[in-house]
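Below: the structure, in structure tokens.
The values are calculated or read from the model by the stated rules, or taken from the named source; none is laboratory data. These numbers were taken from a predicted model, which means no experiment stands behind them. Don't worry about glycine lacking a Cβ; one is built from the backbone with ideal geometry, like all the others, and counts go over all protein chains shown. Protein only, heavy atoms only, side chains kept; ligands, DNA and RNA dropped before computing areas. Shrake-Rupley method; radii C 1.70, N 1.55, O 1.52, S 1.80 Å.
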Amino acid sequence: MTTAVWEALWANLAAAAATAFAVMLITFSVALIRGLHRLADIARGLAFAAVAAATYGLSEGYGDDGRRFLAAAATLLWGVRPAAHIAWRGRGRGEDPRYAELLAHGRGDMADRSGYAAYAARTSGFIPRPPRDPAGAARTR
């Protein structure tokens with residue numbers, strides 16, 4: 001890969017991480033205000049969709065446009081569908097029992113506990129990794 005391609009890849013990875021972090025940070029702020037940390041489960045799907053949109057925009061000029069669009073659209077739907085399902089399932093209810101127990105037990109500030117357990121741990125899974133080339137792996141045998 002050329003230097004320009006590597007630079008584009010690193011820029012895309014940084015944008016993906018920043019996008020996921022921004023979505024989760026906004027959700028954390030709203031959850032602290034509302035006292036409802038089950039929003040982290042909804043935000044995770046929305047963060048997938050936001051990362052798909054951001055990386056689609058940044059990948060312009062690299063690869064086939066149809067494949068780029070298909071991959072972005074599939075990822076966007078993959079993120080929005082569970083977010084919508086979780087939001088629909090939890091409408092009108094209070095805090096998820098898992099989060100209620102997490103926040104009730106533990107040391108330190110509630111914002112610190114919920115910030116790490118419900119948000120930071122989920123955000124780490126959003127950074128896209130370059131896909132492996134199965135055809136290239138098969139040629140090395």
Would you confirm whether any residue within the stretch 57-68 is acidic (Asp, Glu), assigned to a helix (DSSP H, G or I) and in contact (Cβ under 8 Å) with a residue 12 or more places away in the chain? no
Residue list for the stretch 24-81, restricted to those being within 18 Å of LEU9 (Cβ to Cβ) and among the hydroxyl-bearing types (Ser, Thr, Tyr): THR55, TYR56, SER59, TYR62, THR75
Quick test of your reading of the structure: GLY35 fulfils all but one of (1) surrounded by fewer than 18 Cβ atoms within 10 Å (Cβ to Cβ); (2) touching a Gly at 6+ places or on another chain (Cβ under 7 Å). Name the failing condition by number. (2)
Which pairs turn up if I take residues in the stretch 29-55 that are in contact (Cβ under 8 Å) with a residue 12 or more places away in the chain and look for partners that are open to solvent by less than 40 Å² (accessible area, probe 1.4 Å) and not in a helix (DSSP H, G or I) with beta carbon separation below 6 Å, at least 6 apart in sequence or on another chain? ALA31/HIS37; ARG38/ASP96
Log entry, pairs with first residue in the stretch 1-20 being within 15 Å of ALA53 (Cβ to Cβ), second being polar (S, T, N, Q) and in a helix (DSSP H, G or I), beta carbons closer than 9 Å, six or more apart or on different chains, reads ASN12/THR55; ALA15/THR55; ALA16/THR55; ALA17/THR123; THR19/THR55; ALA20/THR123; ALA20/SER124
Counting only residues in the stretch 38-77 that are under 17 Å from TYR99 (Cβ atoms) and under 12 Å from the mean Cα position of the chain (by Cα), the one surrounded by the most Cβ atoms within 10 Å (Cβ to Cβ) is identified as ALA43
Counting only residues that are polar (S, T, N, Q) and at pLDDT 90 or above, the stretch 64-121 contains a total of 1
